[in-house]
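For reference, the structure discussed in these notes is given below.
The values are calculated or read from the model by the stated rules, or taken from the named source; none is laboratory data. Remember, predicted model here, so these are calculated numbers, not experimental data. All Cβ positions, glycine included, derive from the backbone under ideal geometry; neighbour counts span all protein chains shown.
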Amino acid sequence: MELLFFYDKYSPESLKSKSAVSKIITQKRKKNIRIRNIEISGMRSVCKKYNVMGIPTLVLLRKQKPVLKLLGQMTEDELNRIIDQYCSPAVRLNQKKAIWFKMNSNLKRSTK
């Protein structure tokens, strides 16, 4: 599995999410998840490939294909929960299509 984190170094929202991503990098490497931070300036081809339309954006890849795309600021707890959920064996067997959604205050409250 691979997690791509797209951010802009000038966006406060991106930098807060980048801090959360940085905190979990060492934890998740033990679970065979590769995490890449991608600063969007100068990376238009990668942004286009994964259809990144806003920042911060997280794209979770399985076998180099996107299975989850999240748009918006996330906390360390939210990010850990999402990664753990998508790395479970049941999800690996049943996940067929990519799931795309935007993180917003209503969704954050409803997923806790």
Selection count where residues are within 22 Å of residue 82 (Cβ to Cβ) and outside any helix (DSSP H, G or I), scope the stretch 40-54: 6
Filtered residues of the stretch 24-81 (kept if at positive phi and either in contact with a strand residue (DSSP E or B) (Cβ under 9 Å, 6 or more places away or on another chain) or touching a residue at least 12 places away in the same chain (Cβ under 8 Å) (or both)): 32, 51, 64, 72
Single residue of the stretch 24-38 satisfying the filter (at pLDDT 80 or above and among the basic types (Lys, Arg)) that is farthest from residue 74 (Cα to Cα): 34
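Does residue 15 satisfy the criteria of being among the aliphatic types (A, V, I, L, M), modelled with pLDDT under 90 and not in a helix (DSSP H, G or I)? Break it down stepwise before answering.
Details: among the aliphatic types (A, V, I, L, M): yes; modelled with pLDDT under 90: yes; not in a helix (DSSP H, G or I): no.
Spelling it out, it is not the case that residue 15 is among the aliphatic types (A, V, I, L, M), modelled with pLDDT under 90 and not in a helix (DSSP H, G or I).
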Residue ID - modelled with the lowest pLDDT, chosen from residues in the stretch 77-87 that are surrounded by fewer than 18 Cβ atoms within 10 Å (Cβ to Cβ) and part of a helix (DSSP H, G or I): 84
Given (1) more than 11 Å from the chain's Cα centre (by Cα); (2) part of a loop (DSSP other than H, G, I, E, B), index of the condition residue 74 fails: (1)
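Rundown of residues vs (1) hydroxyl-bearing (Ser, Thr, Tyr); (2) within 11 Å of the chain's Cα centre (by Cα); (3) modelled with pLDDT of 90 or more, yes/no style:
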residue: 40; (1), (2), (3): no, no, yes
residue: 48; (1), (2), (3): no, no, yes
residue: 56; (1), (2), (3): no, yes, yes
residue: 89; (1), (2), (3): no, no, no
residue: 94; (1), (2), (3): no, no, no
Filter result for residue 44 (loosely packed, with under 15 Cβ neighbours inside 10 Å and out of contact with any Asp or Glu (no Cβ under 7 Å at 6 or more places or on another chain)): yes
